[in-house]
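Only one structure is covered here, and it is reproduced in the block below.
The values are calculated or read from the model by the stated rules, or taken from the named source; none is laboratory data. Just so it is clear, the model here is predicted, and its values are computed rather than measured. Note: ideal-geometry Cβ built from the backbone for every residue, glycine included; neighbour counts use all protein chains shown.
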Amino acid sequence: MPSRRFHYKSRHGCLVCKARKVKCDRQRPACSLCIKRGEICAYNNDDCHSIQFIMYNSHARNDHDTAFYYYNQNPTFLTNPWPSNHAPLTRHPFNADLSLLEHFTTQVSYTLTDRIPVQTLYASLIVQIGFDHDYVAHSLLSVSALHLIQTENMSKAEARHHRLLSLHHQTAALALLRPQLALITAENCDSVYICGALIFIIAVASAQPLDPSTLLVRMGEFAELAHGVYVVIEGESTKALKMGRLKPFFNLEKWDHLICASPEQVPSKAVIGDLHNMIDLQPPELDPLKPIYRGAVQSLNLNMLAMHANPSHSAMIFMWLVYLTREFTALIAARDPVALRILQAYGEFSQRASDKWWAKQWGGDIVAGTRCVLQHQNNELFLPQRQMAGISREDCVAF
């Protein structure tokens, strides 16, 4: 009787093929079956769980596209989110996604803004856009899972489960969004904007609670991500975006007239005045840095005025991040005392949104972090190296 032929069993196929119980050809970065089915291909090892690996379909990207640059360079989404001993990434049951979608429609959509027209859009049109664009759908589901973690009294196991659900959908949203960033047009600008805005909320909400000192180091990452959303808004398709079906998002009260208002009319003016006085009192050797400080203060002033004119638009507390320069975020990372005091003022201002689940610790953590560093800072030992030549984020590291 002839012996049976030896059957080579591969234990290194992708996770999707394993779940489907089909033979995987183990091609990298994505196997042929996943490419054919449009699946997100991932392998069971740490490197392959990283977000940048599963974005295999980014071949259409344009590295010179500004919006793509901000997402591509943001360290928030270029690090491995999976612990090494974690179970492999699996596809989640459809009924779990339906539950998250229902929760977004009936609950989450009313928590992202206090403006009723925009709430209505989130509950209806944005969900419909999600049916048309998978990257929007995944971002909706990720936000929904995070909302449950933040607002429901869950066990540790339940919270962990929903955190993984959120991470699963966040990863999928990013994988599908990146090719869209190569060419933003009038046809896809609204879906790209919504997905980018929700990904920013995911980044902020999932970062809570953070160690205060860690938050200081990551401020540059949040600023880069906010820049990416802003580039979509002010890109070549800005008219189609602002005057199209998402128009209520951009119906804001003007705040230019408040620039010349008195501190009695706009109380935040007093805070801005104190910051400018602090900068003026710095020693002459800091003169090269004073324009950087003043630019950050001027941007904070505009953010405060915009919020004063639009109190129901709580997400406007993040406007300051859009205008931050890399030189200033480098000074924050280097724990420069003047930059930290400006950041502390921003944190105190941001606490007005602490009633929102997605920002309930944002301002408080910033204030706690800056106060902790400033209180224990020895001015001679901890002052950063302030050479202006070639200053960059890489040149300044946290102590």
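Things to note:
- Close contacts from the range 265-294, counting a first residue that is at negative phi and a second that is surrounded by fewer than 13 Cβ atoms within 10 Å (Cβ to Cβ) and at pLDDT below 95, with Cβ to Cβ under 8 Å and a gap of 6+ residues or different chains, come to Lys269/Ser262; Lys269/Pro263; Ala270/Pro263; Gly273/Pro263; Pro288/Met388; Leu289/Met388.
- Among the candidates His92, His133, residue that is surrounded by 15 or more Cβ atoms within 10 Å (Cβ to Cβ), at pLDDT below 95, in the same structural domain as Leu167 (by TED's automatic domain parsing) and more than 19 Å from Met316 (Cβ to Cβ): His92
- Counting the residues of the range 161-192 that are more than 25 Å from Leu215 (Cα to Cα) and hydroxyl-bearing (Ser, Thr, Tyr) gives 2.
- Residue identified as part of a helix (DSSP H, G or I) and touching a Phe, Trp or Tyr at 6+ places or on another chain (Cβ under 9 Å) among Leu174, Leu148, Leu165: Leu174
- Per the conditions (1) out of contact with any Cys (no Cβ under 7 Å at 6 or more places or on another chain); (2) modelled with pLDDT under 90; (3) on the phi < 0 side of the Ramachandran plot; (4) not acidic (Asp, Glu), the sole criterion not satisfied by Pro384 is (1).
- Any hit, the range 271-288, residues being touching a Ser or Thr at 6+ places or on another chain (Cβ under 8 Å), buried (at least 19 other Cβ atoms within 10 Å of the Cβ), in the same structural domain as Tyr346 (by TED's automatic domain parsing) and assigned to a helix (DSSP H, G or I): no
- Scanning the range 232-260 for residues that are farther than 30 Å from Asp336 by Cβ and not in a helix (DSSP H, G or I) turns up Gly235, Glu236, Ser237, Met243, Gly244, Arg245, Leu246, Asn251, Leu252, Glu253, Lys254, Cys260.
- Among the residues making up the range 320-340, those that are within 17 Å of the chain's Cα centre (by Cα), hydrophobic (A, V, I, L, M, F, W, C) and crowded, with 20+ Cβ neighbours inside 10 Å are Trp320, Leu321, Leu324.
- In the condition set (1) surrounded by fewer than 18 Cβ atoms within 10 Å (Cβ to Cβ); (2) acidic (Asp, Glu); (3) under 21 Å from Lys356 (Cβ atoms), Glu187 is compliant with all but (3).
- Looking only at residues of the range 350-372 that are in contact (Cβ under 8 Å) with a residue 60 or more places away in the chain and more than 18 Å from the chain's Cα centre (by Cα), we find that the one that is farthest from Leu112 (Cα to Cα) is Cys372.
- Residues satisfying the criterion are present in the range 169-188 (criterion: closer than 30 Å to Ala96 by Cα, touching a Leu at 6+ places or on another chain (Cβ under 7 Å) and not hydroxyl-bearing (Ser, Thr, Tyr)).
- Hey, Thr111 modelled with pLDDT of 95 or more and of a type in the set (Ser, Thr, Tyr) or not: yes
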